[in-house]
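Asks: Got a structure here, written out as structure tokens. Questions coming.
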Amino acid sequence: MTQFSIRSLLGLTSAATIFAVAAPAMAQDGNASDIVVTAQRMNQTEVTRGGSGGVLGNKPAADLPFTIKSYNEALILNQQPQTLGQLLENDPSVRTGFAFGNAAELFVIRGFALAGDDVGLDGLYGIAPRQLIAPELYDSVQVINGSSAFINGAAPGGSGLGGSVNLLPKRARADLTRATVNYTSDEHIGGSFDVARRFGGGDQWGVRVNGVARTGDVSIDGEFRSAYTLGGALDYNNGPLRLSLDLAYQRVKVRGLRHKVALGFGVNAIPAVPDADANYAQPWTYTEMRDVFGLVKAEYDVADNAMIYASFGARDGMEDGIYGGITVNNPVTGAATGNALYVPRTDNNEAAQAGLRVKLGTAITHEINFGGSMNWQVNRNAYDFLYGPGFAGYATNLYNAVEVPIPASALVGGDLDDPLPVSRTRLLSAFTSDTIGLWNDRILLTVGLRVQSIRQKSYSYFGGALTDTYDEDAITPVLGLVVKPADGLAFYANRMEGFEKPDAAPATVGAFPVTNAGDVFAPVKTKQYEFGAKYSFGRFNASLAAFQIDRPRPGVAVDPANPGQVVYGLNGEQRNKGIELSFDGELAPGLRLIAGGSIIDAKLRRTLDGVNDGNDAPGVPEYLVNANVEWDLPFVPALTLTGRVVHTGEQAANQANTLTLPSWTRFDLGARYVAVVGDKPLTLRFGVDNVANKRYWASAFEIFSPDLLQGAPRTYKASASIEF
């Protein structure tokens, strides 16, 4: 029997089994019908517009001068994403890749990278696990489109220039006891529990505890993943005082990760895509991450129109792994060179934020915010380049990977057994803003600024001596306008900025020596201009946005005083212009849609000697389209059919635009069925991602060289959840 047939049999057998269990529930009495209707409503995949606007507070979407969407807990439960990137596939402005050679997810929003390090947790940076995040711990995942250094402060890693992602912890809104078992092909099985209770006078106290355990091979041949998480939340809500405490643990392991594929120097063609489930990684490669993290938050209404708030979070993280990679030297035969890198790492991060929000006036209102934030990060790191003698690597093939022993060390930096600190980073900021309301707050004008300071100390891997200190600051203003001419309709515009610390000038760029090697540059700011409209009517929401984002890019210019050498600086620029459309809601009773698309024109400007001026920026698709449909069948009241299409347009794979990835489309199908077991709802789910088992290069987002990421193969998913 072929491998394809085995996978198909496993998936279909799982589906048949769980639906067979549900068969007795087809004949339901009146009470059972009520249980089914309630369970179906709770299981509806939804997008929430509005939410946490950072320092502007929790607001409906119509009151915010930017686009904000939140993907709810039901979507996470229904689609069973194993990583944050799999969940964000639902967003028409986001695509996911890998950073560097390991399992670190990288999110591309409006054509700019958001590193996993820079994902926020309830508005605080550096507290959520980096690299990979298990979505099951969170109540919702929020996406804010656009440069948002004012809203939540600058991300410590300097990414997030096109948008940000914020994780919101679970809360005990009502009593809940739920157990779930799940299966993902080929042999990945697991389960989870979720318990919530409210108690005390007026239900002022709430507690919620949830955990996940899953392990086994996934649909990529030889790739193993496991995740173990435990989260607890305690909240208090009584009159003017609101308190919350969140604590969590996450351990994730990936073995045999199908990594990105680099293209060697002089390769002038994109290699054919290997089989959808092919794996060219070595079995001894792995990534293991352990995080303990939490945050405490307090809000107090000092008056009906004034609130003070503060939050503090911390994370202790550990990583260990042998990361692999291959470089294809012949795109026809697939001949490649492989290498590996061993990296032990620990992180100790803290973050805090505090502020005051006051609303004044009647005919003309002022909502005034001011406060500050601080972020501390300590990274301990070491490395061992496992390239073999002379950094030669080992011979392998993209289409027929050769299993080899772990190569010998070529270069070791730091103490592999007890890594020393290699960087200490501190970000400070102070912010103030005023949102002026006119015409009964139908016109809202927001003006504000945030003074941001970044200080970083770097230390030698060889002994820990201080090697460099960076201490710079910048001001990132914001200007936003919202006009609401009618109920449910809002027009908006903004001018916002991003903030990042540029790298120091390198010693060489390509074959050219750099005359100002080691020079340090002040923080650079990405400027965004955006206008759009939002519409909300009943259970239907839509938004349309047009934007332009200009980001300074490192570049070099010929040094006239030194022939054959170049001067490094922020001479270049990337300009991304685009249009985004998204909508969600119930088109007809029982028929729900989450859909949208975006068009991005990302161009390089002021490149060296103008060689690449006007070229497309690598890894930025020309357009993105998503659609997610749910249909509650009227003739089978307990059954819901689901479908999703994800389409990504053509994208350049290098700055010269001589290499291009074709567009690709993926289809996912699924179903949910609600049975009644002892007056308790049992929800059964079955889905198939990439139904056609299409093979495709999903991304070519470039960090150091053209890197290709292959899309996931056909994957079967099944789960059963019962609420007690």
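The values are calculated or read from the model by the stated rules, or taken from the named source; none is laboratory data. From a predicted model like this one, the values you see are computed outputs, not experimental measurements. Positions of Cβ are backbone-derived with ideal geometry, glycine not excepted, and every protein chain shown enters the neighbour counts.
Asks: Take Val451 and decide whether it is within 20 Å of Asn145 (Cβ to Cβ), over 25 Å from the mean Cα position of the chain (by Cα) and either outside any loop (DSSP other than H, G, I, E, B) or among the aromatic types (Phe, Trp, Tyr) (or both).
Replies: no
Asks: Identify, by number, the condition in (1) in contact with a Pro (Cβ under 7 Å, 6 or more places away or on another chain); (2) in a loop (DSSP other than H, G, I, E, B) that Pro713 doesn't meet.
Replies: Only one criterion in (1) in contact with a Pro (Cβ under 7 Å, 6 or more places away or on another chain); (2) in a loop (DSSP other than H, G, I, E, B) is unmet by Pro713, namely (1).
Asks: Within the set of pairs 6+ apart or on separate chains, which have a first residue in the range 182-197 that is in contact (Cβ under 8 Å) with a residue 60 or more places away in the chain and over 12 Å from Thr215 (Cβ atoms), a second that is among the charged types (D, E, K, R) and buried (at least 19 other Cβ atoms within 10 Å of the Cβ), and C-beta atoms under 9 Å apart?
Replies: Cβ pairs passing all conditions: Ser185/Arg7; Ser185/Arg714; Ser185/Lys717; Asp186/Arg7; Asp186/Asp221; Asp186/Asp277.
Asks: Let me ask something else about it. If you take the residues of the range 661-681 that are part of a strand (DSSP E or B) and touching an Asp or Glu at 6+ places or on another chain (Cβ under 8 Å), which of them is surrounded by the fewest Cβ atoms within 10 Å (Cβ to Cβ)?
Replies: So, considering only residues that are part of a strand (DSSP E or B) and touching an Asp or Glu at 6+ places or on another chain (Cβ under 8 Å), the one surrounded by the fewest Cβ atoms within 10 Å (Cβ to Cβ) is Lys680.
Asks: Considering Gly334, Gly393, which residue is at pLDDT below 95 and not hydrophobic (A, V, I, L, M, F, W, C)?
Replies: Only one candidate passes the filter, namely Gly393.
Asks: Does Pro135 meet the test of being more than 15 Å from the chain's Cα centre (by Cα) and not charged (D, E, K, R)?
Replies: no
Asks: When residues of the range 502-515 are filtered for being part of a strand (DSSP E or B) and on the phi > 0 side of the Ramachandran plot, how many remain?
Replies: Selection size over the range 502-515: 0.
Asks: For the range 267-279, check the following and say yes or no: at least one residue is exposed (fewer than 15 other Cβ atoms within 10 Å of the Cβ), out of contact with any Ser or Thr (no Cβ under 9 Å at 6 or more places or on another chain) and among the acidic types (Asp, Glu).
Replies: Looking through the range 267-279, at least one residue is exposed (fewer than 15 other Cβ atoms within 10 Å of the Cβ), out of contact with any Ser or Thr (no Cβ under 9 Å at 6 or more places or on another chain) and among the acidic types (Asp, Glu).
Asks: Same structure again: So which residues in the range 34-72 are of a type outside the set (Val, Ile, Thr), in a helix (DSSP H, G or I) and at pLDDT below 80?
Replies: Within the range 34-72, Asp34, Ala39, Gln40, Arg41, Met42 qualify.
Asks: Here's a follow-up. May I ask you to say which residue of Ala62, Ala113, Ala74, Ala149 is small (Gly, Ala, Ser), farther than 21 Å from Pro523 by Cα and in contact (Cβ under 8 Å) with a residue 60 or more places away in the chain?
Replies: Ala62
Asks: Right, another one. If the Cβ limit is 9 Å and pairs must be 6+ apart or interchain, which residue in the range 561-574 that is closer than 17 Å to Gly610 by Cβ pairs with which residue that is in a strand (DSSP E or B) and among the acidic types (Asp, Glu)?
Replies: Glu573/Asp550; Gln574/Asp550
Asks: Scan the range 518-548 for residues that are small (Gly, Ala, Ser), over 22 Å from Gln574 (Cα atoms) and surrounded by fewer than 14 Cβ atoms within 10 Å (Cβ to Cβ) and jot them down.
Replies: Within the range 518-548, Gly518, Gly538 qualify.
Asks: Pick from the range 115-144 the residues that are outside any loop (DSSP other than H, G, I, E, B) and β-branched (Val, Ile, Thr): which of them is nearest to Phe293 (Cα to Cα)?
Replies: My answer is Val141.
Asks: Inside the range 172-222, can you point out the residues that are more than 24 Å from the chain's Cα centre (by Cα), crowded, with 18+ Cβ neighbours inside 10 Å and of a type in the set (A, V, I, L, M)?
Replies: Ala172, Ala196, listed by residue number.
Asks: Checking the condition in contact (Cβ under 8 Å) with a residue 24 or more places away in the chain, farther than 30 Å from Gln377 by Cα and either part of a strand (DSSP E or B) or touching a Lys or Arg at 6+ places or on another chain (Cβ under 7 Å) (or both), which residue from Asp316, Asp277, Asp301 passes?
Replies: Only one candidate passes the filter, namely Asp301.
Asks: Restricting attention to the range 587-597, which residues are buried (at least 16 other Cβ atoms within 10 Å of the Cβ) and either without any contact (Cβ under 8 Å) to a residue 60 or more places away in the chain or in contact with a Cys (Cβ under 9 Å, 6 or more places away or on another chain) (or both)?
Replies: Within the range 587-597, just Leu593 meets the criteria.
Asks: Which fully enclosed strands (runs of 3 or more DSSP E) of the range 516-629 have 1 or more residues being under 21 Å from Gly488 (Cβ atoms) and among the polar types (S, T, N, Q)?
Replies: Ranges flagged: 524-537, 540-558, 566-588.
Asks: If you scan the range 407-438, which residues turn out to be closer than 23 Å to Ala154 by Cα, among the hydroxyl-bearing types (Ser, Thr, Tyr) and in contact with a Leu (Cβ under 9 Å, 6 or more places away or on another chain)?
Replies: Those that are closer than 23 Å to Ala154 by Cα, among the hydroxyl-bearing types (Ser, Thr, Tyr) and in contact with a Leu (Cβ under 9 Å, 6 or more places away or on another chain): Thr432, Ser433, Thr435.
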